[in-house]
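Asks: Questions regarding the structure given below will be posed in turn.
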Amino acid sequence: MKRGLVLPLLLLLMVPVKAALSGEAVADATGREIRPAAKVERVYAAGPPASTVIFAIAPEKLVGWTRALRPHEAEFFPEKYAALPELGRLTGRGNTANVEVVLRARPDLIVDVGSTRASLAELAVQVERQTGIPYALFDGRLEATPATFRALGRLMGDVPRAEALAAWFEGELADIRARVERVPQEKRPRVYYGRGPAGLQTGGRGSINVEVLELLGAVNVAAEVRAGLVAVPIEQILLWNPEVILTTDPHFWRRAWTDPAWRATAAVENKRVYLSPHRPFGWFDFPPGANRLLGAWWAGKILYPDAFDIDLRRKVLEFHTRFYHQAPTPAQLDALLGEPGVLGK
Amino acid sequence: MSVRRASYLVAAAALAGLAALAFGLGRYPISVPELFTLLGAKLTGSEHALSSTAETVILQVRGPRVLAAMVVGAALAAAGTAYQGMFRNPLVSPDILGVSTGAALGAVLAIFLSLGILMTQAFAFAGGLLAVGLVYAVGSRLRGHDPLLALVLTGVVIGTLLGSAIALLKYLADPYNELPAITFWLLGSLAAITPRDLASATPAALAGLLPLLLLRWRVNLLALPDDEARALGVDTRRLRVVVVACATLMTAAAVAVSGIIGWVGLLIPHAARLLVGPDFGRLLPLAMLMGAAFMLAVDTLGRTAASIEIPPGVLTALIGTPFFLWLFAVARRTW
């Protein structure tokens, strides 16, 4: 017990020493100059989207996950990284991290990737002051991900690896956009994204939850609704009569086929209700990080099969190798893509 | 015509009018002639020319939801009436012994474990019953106090404990997926009602209501001090168990399908009492009519006013508060 207390106390004494930093100064997404230590060896991710980006650049530098990986997620990572400790999250909805635990992990840098709104920028400044550890905040939108990689690469002293990821990610986004451009407006089906076990929650225009749909230039039936996660009446959905339904909830995916109300939609009638894969991180919606690139390929293939004549298996293999540093086995690929609903009924 | 009789008539007429209106209103446009065509065709078993979507909307979506709103409103109001009579206190709501909190904990646990809608409802129902069972078991063992006071205090204390268990689960929940689902459940909504939900909630609510109706005269005696009631030959202890069990059953049945909906069970009985006085036998039917009408009005507004759902908890307070203040100002009867 006593030993457990000594370490954080010692660390607190070390704070002024840590303040003498000499690394390259890099502006984060809020324009603040972040100046980390000359050599960044340990990075704390403030939320799940930050974990994926840091892990992709330099898995050995991630000090822990915000939430311990469950077995069905852990199998997609090299063993030594899958077993990294759970450190809690500083941002995102609800904060579960203990600042002492963060200190005890001795990070050289704290990184958050996601929203850059004022409250999170303030939190970054506050935690940086409190801990003496530089805290960088980056934009988590898919479009901003290459820039986030480049800035993080400079901060972490991993420019070549980060640049390779940034360039690859840029190429993927450009490829997706080029394919979307080939799809004429009248060939774009009306899509409804259903969340929750009853499928009655959705994301309105500009909501981070439907960023993948916006990247795909898809017709989100709920675009008229305000941004953010909202509940909609089923009658409204019947009025929109979506041609394709995408969901992240397996309960809803099963329910859609039997519930008479959902069966009245064109999507169910034409058997076009799809369930997004969710391992190790969600493909379509959450966590709202770079992991959603796979969701864009997946949804692109579902919505515009002609323009997206891609091999999804290859895409998954490529993404996993770059981001999770482990190529999935054929059996894992089968499990991911063969789950009922992922490629249709 | 007496105020009492007028109250029943007005409440019944309002409920009937609202129900007709609620059937006709919705985001999916269905005209009144179409509605009658459909209902006529269904009653006579003949064919109709309406789209199958229109039929689904009426029979599978709007119909069950309108009926569920009435059942939930009536059940919450009836439970509130029973408790307010038993505890001799107009500030008592159906949640006083922890039924809603217990149901919420059950539902939150099921969502936390990603068990799906059916299990969420089952957990909520069981959670509500278990919570009150626990409160009653503990509260009735606390000797040397006024039994009602002991019960209420135990309810408050255990309710707080369950509340912190809910808070803990929310804290541990996945912030992107489970937490929003929990928040939406706790806000309460009839949006996901299906005919099956109606078929499971209604019998449970009726099972709670029937004994209360049969015992309506005796329930009045619970308002008397215990020794006086006993002098009249009523076993107050046993009667109290029955009332608590019935009110709990009704509330749990409602909350399991609707989530937490406040206000109705607290202020509707009070409003009804302002109109017809405290006699349980007179009060119960009026409170149920008013509760059903009120819940129906709120839910209809919530599902039609915008292309998103407006949570009933928000509307109950928004509509209910001025209505209640108005009623309080015009009615002269007191507790």
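Asks: Of all the residues that make up the range A:150-159, how many are without any contact (Cβ under 8 Å) to a residue 24 or more places away in the chain and of a type in the set (Lys, Arg)?
Replies: Qualifying residue count for the region: 1.
Asks: Does B:Pro180 satisfy being without any contact (Cβ under 8 Å) to a residue 60 or more places away in the chain and within 14 Å of another protein chain (Cβ to nearest Cβ)?
Replies: Judged against the criteria, B:Pro180 is a match.
Asks: Taking the options A:Arg182, A:Arg150, name whichever one is touching a helix residue (DSSP H, G or I) at 6+ places or on another chain (Cβ under 6 Å) and among the basic types (Lys, Arg).
Replies: Numbers: A:Arg182 fails: touching a helix residue (DSSP H, G or I) at 6+ places or on another chain (Cβ under 6 Å).
The match here is A:Arg150.
Asks: Here is a list of conditions, (1) outside any strand (DSSP E or B); (2) under 21 Å from A:Asp158 (Cα atoms); (3) not small (Gly, Ala, Ser), and A:Asp112 meets all of them except one; can you say which number that is?
Replies: Condition (1) is where A:Asp112 drops out.
Asks: Also, quick follow-up: Just to be sure before I move on: is B:Phe87 without any contact (Cβ under 8 Å) to a residue 60 or more places away in the chain and among the aromatic types (Phe, Trp, Tyr) in the structure I sent? Walk me through it before giving the result.
Replies: Working: without any contact (Cβ under 8 Å) to a residue 60 or more places away in the chain: no; among the aromatic types (Phe, Trp, Tyr): yes.
So B:Phe87 fails the test.
Asks: Another question, if that's okay. Scanning the range B:9-23 for residues that are out of contact with any Lys or Arg (no Cβ under 7 Å at 6 or more places or on another chain) and buried (at least 17 other Cβ atoms within 10 Å of the Cβ), which turns out farthest from the other protein chains (Cβ to nearest Cβ)?
Replies: Step by step, filter the range B:9-23, then rank; the result is B:Ala11.
Asks: Which numbered condition in (1) more than 14 Å from chain B (Cβ to nearest Cβ); (2) surrounded by fewer than 22 Cβ atoms within 10 Å (Cβ to Cβ) is the only one that A:Ala68 fails?
Replies: A:Ala68 satisfies all of (1) more than 14 Å from chain B (Cβ to nearest Cβ); (2) surrounded by fewer than 22 Cβ atoms within 10 Å (Cβ to Cβ) except (1).
Asks: Shifting gears a bit: Quick test for you: out of A:Glu235, A:Glu318, A:Glu243, pick the one residue that is away from chain B (no Cβ under 11 Å), of a type in the set (D, E, K, R) and buried (at least 19 other Cβ atoms within 10 Å of the Cβ).
Replies: Of A:Glu235, A:Glu318, A:Glu243, the one residue that is away from chain B (no Cβ under 11 Å), of a type in the set (D, E, K, R) and buried (at least 19 other Cβ atoms within 10 Å of the Cβ) is A:Glu243.
Asks: Ok, one more. Find the residue count for the range B:219-238, including only residues that are touching a residue at least 12 places away in the same chain (Cβ under 8 Å) and closer than 17 Å to B:Val135 by Cα. Write out each step before concluding.
Replies: First pass over the range B:219-238, keeping only residues touching a residue at least 12 places away in the same chain (Cβ under 8 Å): B:219-223, B:226, B:234, B:236-237.
If we keep only those that are closer than 17 Å to B:Val135 by Cα as well, we get B:237.
Within the range B:219-238, residues that are touching a residue at least 12 places away in the same chain (Cβ under 8 Å) and closer than 17 Å to B:Val135 by Cα number 1.
Asks: Of these, B:Thr304, B:Thr316, which one is of a type in the set (Val, Ile, Thr), on the phi < 0 side of the Ramachandran plot and in contact with a helix residue (DSSP H, G or I) (Cβ under 6 Å, 6 or more places away or on another chain)?
Replies: B:Thr316
Asks: Right, something else. Only one of B:Ile268, B:Ile261 is under 20 Å from the mean Cα position of the chain (by Cα) and not in a helix (DSSP H, G or I); which?
Replies: Result of the check over B:Ile268, B:Ile261: B:Ile261.
Asks: Still on this structure: Are there any pairs, at least 6 apart or on different chains, whose C-beta atoms fall under 7 Å, with the first in the range A:214-225 and more than 11 Å from chain B (Cβ to nearest Cβ) and over 16 Å from A:Thr247 (Cβ atoms) and the second among the charged types (D, E, K, R) and not in a loop (DSSP other than H, G, I, E, B), and if so, which?
Replies: So the pair list comes out as A:Val219/A:Arg190.
Asks: Which residues, counting only those in the range A:92-149, are basic (Lys, Arg) and free of Cβ contacts under 8 Å to residues at least 12 places away in the same chain?
Replies: A:Arg93, A:Arg117, A:Arg129
Asks: Please verify whether the range B:43-50 includes one or more residues that are part of a helix (DSSP H, G or I), modelled with pLDDT of 90 or more and more than 14 Å from every other protein chain (Cβ to nearest Cβ).
Replies: No, the range B:43-50 contains no residue that is part of a helix (DSSP H, G or I), modelled with pLDDT of 90 or more and more than 14 Å from every other protein chain (Cβ to nearest Cβ).
Asks: Same structure, new question: For the range A:56-83, which residues satisfy the criterion of being out of contact with any helix residue (DSSP H, G or I) (no Cβ under 7 Å at 6 or more places or on another chain) and under 16 Å from A:Ala136 (Cβ atoms)?
Replies: Once the filter is applied, which keeps residues that are out of contact with any helix residue (DSSP H, G or I) (no Cβ under 7 Å at 6 or more places or on another chain) and under 16 Å from A:Ala136 (Cβ atoms), the range A:56-83 yields only A:Val63.
Asks: If you don't mind, there's one more thing I want to ask. One residue is enough: does the range B:184-203 have a residue meeting the conditions closer than 23 Å to B:Ile310 by Cβ, touching a residue at least 12 places away in the same chain (Cβ under 8 Å) and away from chain A (no Cβ under 14 Å)?
Replies: Yes; the residues of the range B:184-203 include at least one that is closer than 23 Å to B:Ile310 by Cβ, touching a residue at least 12 places away in the same chain (Cβ under 8 Å) and away from chain A (no Cβ under 14 Å).
Asks: Of the conditions (1) modelled with pLDDT of 95 or more; (2) not in a loop (DSSP other than H, G, I, E, B); (3) not aliphatic (A, V, I, L, M), A:Pro242 satisfies every one except a single condition; which number is it?
Replies: A:Pro242 satisfies all of (1) modelled with pLDDT of 95 or more; (2) not in a loop (DSSP other than H, G, I, E, B); (3) not aliphatic (A, V, I, L, M) except (2).
Asks: All but one of (1) in a helix (DSSP H, G or I); (2) closer than 25 Å to B:Leu118 by Cα hold for A:Glu318; which doesn't?
Replies: Tallying (1) in a helix (DSSP H, G or I); (2) closer than 25 Å to B:Leu118 by Cα, A:Glu318 fails exactly one: (2).
Asks: Among (1) within 14 Å of chain B (Cβ to nearest Cβ); (2) more than 21 Å from A:Ala218 (Cβ to Cβ); (3) out of contact with any helix residue (DSSP H, G or I) (no Cβ under 7 Å at 6 or more places or on another chain); (4) aliphatic (A, V, I, L, M), which single condition is A:Ala335 missing?
Replies: Condition (1) is where A:Ala335 drops out.
Asks: For the condition more than 14 Å from every other protein chain (Cβ to nearest Cβ), more than 21 Å from B:Gly63 (Cβ to Cβ), touching a residue at least 12 places away in the same chain (Cβ under 8 Å) and small (Gly, Ala, Ser), what is the one hit in B:Ala253, B:Ala271?
Replies: Going through B:Ala253, B:Ala271 in turn, just one is more than 14 Å from every other protein chain (Cβ to nearest Cβ), more than 21 Å from B:Gly63 (Cβ to Cβ), touching a residue at least 12 places away in the same chain (Cβ under 8 Å) and small (Gly, Ala, Ser): B:Ala271.
The values are calculated or read from the model by the stated rules, or taken from the named source; none is laboratory data. None of the values given here were measured: they were computed from a predicted structure. Here Cβ is always computed from backbone atoms with ideal geometry, including for glycine, and neighbour counts include all displayed protein chains.
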